[in-house]
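Structure first, commentary second.
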Amino acid sequence: MKWSTTIILILLVAGLGAWVYRDLAKPKVPNGVGTLIEGEPKKIERVELVRTSDKGTETLSFERRGEHWWVTSPYKDRANSRLIDEMIVQPTSSFSDKFIEAPGDLAQYGLDKPRIRVRLIYDGGEYAIRIGIDSGFEGAHYVQLEGQPRIGVLEPGFAQPYSQAVELYRLRTLFDVDERTLARFTRKAAPEELKVPALKPYSYFLKDSKTKEWAAEGAAPFEPTRENLKTYVMWAAQVPLEEFASTGTPGTLPPPPGDVLRACTFEVVDAQDVPQIVVLARLKRNGHEEPWAGLADRGMWARIAGEIPHELLEDAPGK
């Protein structure tokens, strides 16, 4: 056998041995099926989120009050209930087909000093959850319920609701008004740079503040009854915002994060005659049609939770 052939074979064997050693050194993940918290979950009343990074440790606390969640630390405000509910639901609904039943040293999973700790507190007890490092399985993380030896490798996205910027846990709404302060709601043409056909303008306004009688002007799509206003106008005044994009200079509307299909400008005026202006739009983004709002005063676009009522971005027949 030639020396060159011998050397090549030696290198191949050495490489194979290194690969086998590295593979054996990886945490073994046997197959299994289940969720991190099994059985009927308790009703969670408080959530505590502790996150550690190179910059230090931060603690966020949330509390259920009636039907809504509130941020109690590091600031006090209405919370984005969607995010809080996701934090609660993830451990009972995120499906895993990989569990490590005898994990050994927790350091290899990043669970000895976890970057995220979550306490889901219910009447009489709590679920304490540790979230470790990326497992290498397509972005899934190692997760452990304290008090249980096994470690789950839960699906990608599990850690997302626990990793948001602090301000995003605050409930952000389309308009900063409520039913008591709303005085006028007006639809106008969309900004020219969006290049969409103009819809017919209309307004709803509080005709008599004592009797709470409302009136309509222009091509209004529905009668200004109390029920209609609650369904449509108050939707526009209270709808939550979910995803933020295209942040620009406050006071200007940056380019939208997608192709504009339909759009219109809406102005809400409160009892102090202070206007708030947004652009409601249907955007084509990543192959999907999504509801977005352009917030000129904040210099950003934000995706709207739920759907924009059909009548707000369409002209009613015969109007």
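Of all the residues in region 105-134, those that are closer than 20 Å to GLU38 by Cα, in contact (Cβ under 8 Å) with a residue 60 or more places away in the chain and in contact with a strand residue (DSSP E or B) (Cβ under 6 Å, 6 or more places away or on another chain) number 8. Looking only at residues of region 268-289 that are of a type in the set (Val, Ile, Thr) and not in a loop (DSSP other than H, G, I, E, B), we find that the one that is farthest from LEU241 (Cα to Cα) is VAL269.
In region 290-319, the residues that are in a helix (DSSP H, G or I) reach residues that are at pLDDT below 85 with C-beta atoms within less than 8 angstrom, at least six apart or across chains, in these pairs: GLU311/TYR232; LEU312/TYR232; LEU312/ALA236.
Of the residues making up region 119-143, those that are over 15 Å from ARG51 (Cα atoms), in a strand (DSSP E or B) and modelled with pLDDT of 90 or more are ILE121, TYR122, GLY125, GLU126, TYR127.
Every residue, every condition in (1) surrounded by 15 or more Cβ atoms within 10 Å (Cβ to Cβ); (2) in contact with a Phe, Trp or Tyr (Cβ under 8 Å, 6 or more places away or on another chain); (3) polar (S, T, N, Q), yes or no:
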| residue | (1), (2), (3) |
| --- | --- |
| VAL143 | yes, yes, no |
| GLY147 | no, no, no |
| GLY152 | yes, yes, no |
| GLY157 | no, no, no |
| TYR162 | yes, no, no |
| TYR169 | yes, yes, no |
| PHE175 | yes, no, no |
| ASP178 | no, no, no |
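The set of residues in region 64-87 being over 19 Å from VAL166 (Cβ atoms) and modelled with pLDDT of 90 or more consists of ARG64, ARG65. Inspect region 236-256 for any residue being modelled with pLDDT of 90 or more, surrounded by 15 or more Cβ atoms within 10 Å (Cβ to Cβ), assigned by TED's automatic domain parsing to the domain that holds LYS212 and within 20 Å of the chain's Cα centre (by Cα) and give the result as yes or no. Yes: region 236-256 contains one or more residues that are modelled with pLDDT of 90 or more, surrounded by 15 or more Cβ atoms within 10 Å (Cβ to Cβ), assigned by TED's automatic domain parsing to the domain that holds LYS212 and within 20 Å of the chain's Cα centre (by Cα). Would it be correct to say that LYS200 is without any contact (Cβ under 8 Å) to a residue 60 or more places away in the chain and more than 18 Å from VAL118 (Cα to Cα)? Criteria not met by LYS200.
The values are calculated or read from the model by the stated rules, or taken from the named source; none is laboratory data. Please read these numbers as outputs of a predicted model, since none were measured by experiment. Cβ coordinates were reconstructed from backbone atoms using ideal geometry, including for glycine residues, and neighbour counts include every protein chain displayed.
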